[in-house]
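Student: The following block contains the structure, expressed as structure tokens.
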Ligand code: ADP
């Protein structure tokens, strides 16, 4: 545009000075002809200082030597263009400092030949912003790249804008060309077509599943690759309406949890096998023991041919030996079941007074025989505790019987209750033999008898181990203090149940007396396959007037006989050849004519599992072998008294 066309009143200098960029005009030799106000400010010179100077004054020293050549080249082929195409250019201020610039060159034809106009822009700020942006971008990329899991970022059009190298490693081979820029669906189809995923997931099904998840991600998606890896895909929408996708390789975790599961299953199977083994061992041991103890009891009670004192003494040894063996079997079985976690503890509010009463009533005859006085501390509130009643009683029985056993005639055993906030401590104190100091450490370990191994006092060394485990299962604890020669104090602590109430004392059950002499003959059917058990029962019943025993070797025959005779009582073995005692009892309950007949179960299986099955199977009572003659007699009497 010729300058003359510019509106009147605006001078050429005013116009040049109003330009936002610095303008410097020089001739083909590099002599500065014109400088505007912006250029003055930018380079820190007065206009007059520059006019007539060489243009190289304004460029850093290192570029100066080659500059005249560049200028010459430009003058020979003059056209408007940016200078330095893509190079970083710098200006040099009067004080020698440099600053980044962008320069546009324009040739101007004048009367003195070609002159060059340079429009110079100071880009210091822009360069700083660009550098900052580059730095943040680099941070972001290195952060994304350092993620262990594969990472993909999609934009709002579902195109990949960023992936990390883990993703390239994972999917790079299965996808074609550059990953960035690909649409999600195209990438998915490429992966599917390349057989990246395990075929068993079904291609269309997998495609549908992933697209569905991608559209509305919730939770995680699990995928198996053809190479056997398991990937967990987690996606989240971004604020910019894109999506981030993470691929977590959980193959190792899966293997580990599979291994753990297998190990647990094996351990459970082993523990179940051990439990089964112990149960059947206990059955096998109890059956012959049943005969030993049963017949020994019969010999002891034989009124027709009473034994001599000497013989009675020997039978007493047999009985005591047998009972010890029985206790050992039961305790080993109990301990191993507790250790196998197979003991169900049912915690409920228990009236501690009634448990104590029951334990003391059981221990009283033992204490009397040993000449030991058994007392309980009065004055303490009888709290309700949170415990398994049977198991708590078992612990107290263990402490109490030890306190009597490891004592001397004239000794004392005292049960005491003390509440400390939410815990009730029940202690059993004795003034017996005490425990040697060096033996105290292992007292709660199985089979440790603290020096009593060779002594005259019978024991198995398992009772305290069981007590400790049981207390722990009830969220309680056990402990003791002892002084050699002076006595010991064993305690168990259990949580107090929240609601408190005073326990009513439990009435003592009447002691059984055997009276069958009502002139009637009562029939008893005994279903049992073991001949020595049958022989024992026959001898026992034969001694009692008014009772008639009918025996059956199998449940099937037993059912026939029961229907034919309609006996007053059935005594049923559980483990029978063919139909079991459980099923036979169920059958009896189903027939109208037999359903009222009480059935006493008599089984060698002492596992609690059997006992609870027995209750639900509808037995009148569940007795375990070896038969305790008094217990069986009391049960028979109870039933017969009901007529
Ligand atoms: P057991 O009495 O069958 O041997 P326990 O496990 O009940 O087994 O007890 C382990 C050992 O602890 C006993 O053998 C005995 O030496 C010692 N002991 C337990 N209670 C007392 C006690 N009150 N006084 C002295 N010693 C005791």
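The values are calculated or read from the model by the stated rules, or taken from the named source; none is laboratory data. Remember, predicted model here, so these are calculated numbers, not experimental data. Because the Cβ atoms are built from the backbone with ideal geometry, glycine has one as well, and the counts that use them run over all protein chains shown.
Student: What pairs come out if I take residues in the stretch 478-494 that are within 20 Å of residue 384 (Cβ to Cβ) and pair them with residues that are surrounded by fewer than 19 Cβ atoms within 10 Å (Cβ to Cβ) whose C-beta lies under 6 Å away, six or more apart or interchain?
Tutor: 491/425; 491/479; 493/423; 493/425; 493/477
Student: Residue check: is residue 392 at pLDDT below 90 and either away from the ligand (no atom under 13 Å from the Cβ) or not in a helix (DSSP H, G or I) (or both)? Break it down stepwise before answering.
Tutor: Numbers: at pLDDT below 90: no; either away from the ligand (no atom under 13 Å from the Cβ) or not in a helix (DSSP H, G or I) (or both): yes.
No, not satisfied.
Student: I would also like to ask the following. Got a number for residues in the stretch 156-182 being buried (at least 20 other Cβ atoms within 10 Å of the Cβ) and closer than 15 Å to residue 242 by Cβ?
Tutor: 3
Student: Right, next: Restricting attention to the stretch 401-413, does a residue exist that is over 44 Å from the mean Cα position of the chain (by Cα), assigned to a strand (DSSP E or B) and within 20 Å of residue 489 (Cβ to Cβ)? Lay out the reasoning, then the answer.
Tutor: Start the filter on the stretch 401-413 by keeping residues that are over 44 Å from the mean Cα position of the chain (by Cα), which leaves 407-412.
Then keep just the ones that are assigned to a strand (DSSP E or B); that gives 412.
In the following step, the residues that additionally are within 20 Å of residue 489 (Cβ to Cβ) were identified as 412.
Checked the stretch 401-413: at least one residue is over 44 Å from the mean Cα position of the chain (by Cα), assigned to a strand (DSSP E or B) and within 20 Å of residue 489 (Cβ to Cβ).
Student: Right, something else. Is it the case that residue 417 is in contact with a strand residue (DSSP E or B) (Cβ under 9 Å, 6 or more places away or on another chain), more than 8 Å from the ligand (Cβ to nearest atom) and more than 27 Å from residue 330 (Cα to Cα)? Spell out the reasoning first.
Tutor: Numbers: in contact with a strand residue (DSSP E or B) (Cβ under 9 Å, 6 or more places away or on another chain): yes; more than 8 Å from the ligand (Cβ to nearest atom): yes; more than 27 Å from residue 330 (Cα to Cα): yes.
Yes: the conditions hold for residue 417.
Student: Could you please give the count of residues in the stretch 468-488 that are within 8 Å of the ligand (Cβ to nearest atom) and under 41 Å from the mean Cα position of the chain (by Cα)? Talk me through it step by step, then tell me what you get.
Tutor: Step one: of the stretch 468-488, the residues within 8 Å of the ligand (Cβ to nearest atom) are 480, 482, 487-488.
So of that shortlist, the ones also under 41 Å from the mean Cα position of the chain (by Cα) come out as 480, 482, 488.
The number of residues fulfilling the criteria is 3.
Student: A further question on this structure: Under the condition of being assigned to a loop (DSSP other than H, G, I, E, B) and modelled with pLDDT of 85 or more, which residue from the stretch 468-510 is nearest to residue 436 (Cα to Cα)?
Tutor: Narrowing the stretch 468-510 to residues assigned to a loop (DSSP other than H, G, I, E, B): 474-476, 484-486, 497-510.
When the remaining residues are screened for being modelled with pLDDT of 85 or more, the result is 474-476, 484-486.
Numbers: 474: 29, 475: 29, 476: 26, 484: 5, 485: 8, 486: 11 Å.
Residue satisfying both the conditions and the ranking: 484.
Student: Taking the stretch 83-98 as the search range and keeping residues that are without any contact (Cβ under 8 Å) to a residue 40 or more places away in the chain and either in contact with a strand residue (DSSP E or B) (Cβ under 9 Å, 6 or more places away or on another chain) or buried (at least 16 other Cβ atoms within 10 Å of the Cβ) (or both), which one is nearest to residue 30 (Cα to Cα)?
Tutor: Taking the stretch 83-98 as the starting set, the residues that turn out to be without any contact (Cβ under 8 Å) to a residue 40 or more places away in the chain are 83-90, 96-98.
So of that shortlist, the ones also either in contact with a strand residue (DSSP E or B) (Cβ under 9 Å, 6 or more places away or on another chain) or buried (at least 16 other Cβ atoms within 10 Å of the Cβ) (or both) come out as 83-84, 88-90, 98.
Values: 83: 15, 84: 17, 88: 21, 89: 18, 90: 17, 98: 20 Å.
That would be 83.
Student: Does residue 424 satisfy the condition of being away from the ligand (no atom under 15 Å from the Cβ) and within 21 Å of residue 477 (Cα to Cα)?
Tutor: On the way: away from the ligand (no atom under 15 Å from the Cβ): yes; within 21 Å of residue 477 (Cα to Cα): yes.
The answer is yes for residue 424.
Student: For the stretch 187-209, which positions are touching a strand residue (DSSP E or B) at 6+ places or on another chain (Cβ under 9 Å) and without any contact (Cβ under 8 Å) to a residue 12 or more places away in the chain? So that I can check it myself, show each step before the final result.
Tutor: Going through the stretch 187-209, the residues touching a strand residue (DSSP E or B) at 6+ places or on another chain (Cβ under 9 Å) turn out to be 187, 191, 196-198, 200-201, 203, 206, 209.
Passing the criteria: only 203.
Student: Return yes when residue 260 is assigned to a helix (DSSP H, G or I) and within 30 Å of residue 224 (Cβ to Cβ) and no when it is not. Steps first, please.
Tutor: Details: assigned to a helix (DSSP H, G or I): yes; within 30 Å of residue 224 (Cβ to Cβ): yes.
Answer is yes for this residue.
Student: Name the single residue, out of those in the stretch 427-442 being out of contact with any strand residue (DSSP E or B) (no Cβ under 7 Å at 6 or more places or on another chain) and part of a helix (DSSP H, G or I), that is nearest to the ligand (Cβ to nearest atom). Show your work before the answer.
Tutor: Just the residues of the stretch 427-442 that are out of contact with any strand residue (DSSP E or B) (no Cβ under 7 Å at 6 or more places or on another chain), to begin with: 433, 436-439, 441-442.
Still in the list and also part of a helix (DSSP H, G or I): 437-439, 441-442.
Working: 437: 12, 438: 12, 439: 7, 441: 12, 442: 9 Å.
Looking at the filtered set, the residue picked out is 439.
Student: Determine which single condition residue 408 fails, assuming it passes every other condition in (1) surrounded by 19 or more Cβ atoms within 10 Å (Cβ to Cβ); (2) more than 9 Å from the ligand (Cβ to nearest atom).
Tutor: Status for residue 408: all satisfied but (1).
Student: Any chance you could count how many residues in the stretch 443-467 are more than 8 Å from the ligand (Cβ to nearest atom) and not in a loop (DSSP other than H, G, I, E, B)?
Tutor: 0
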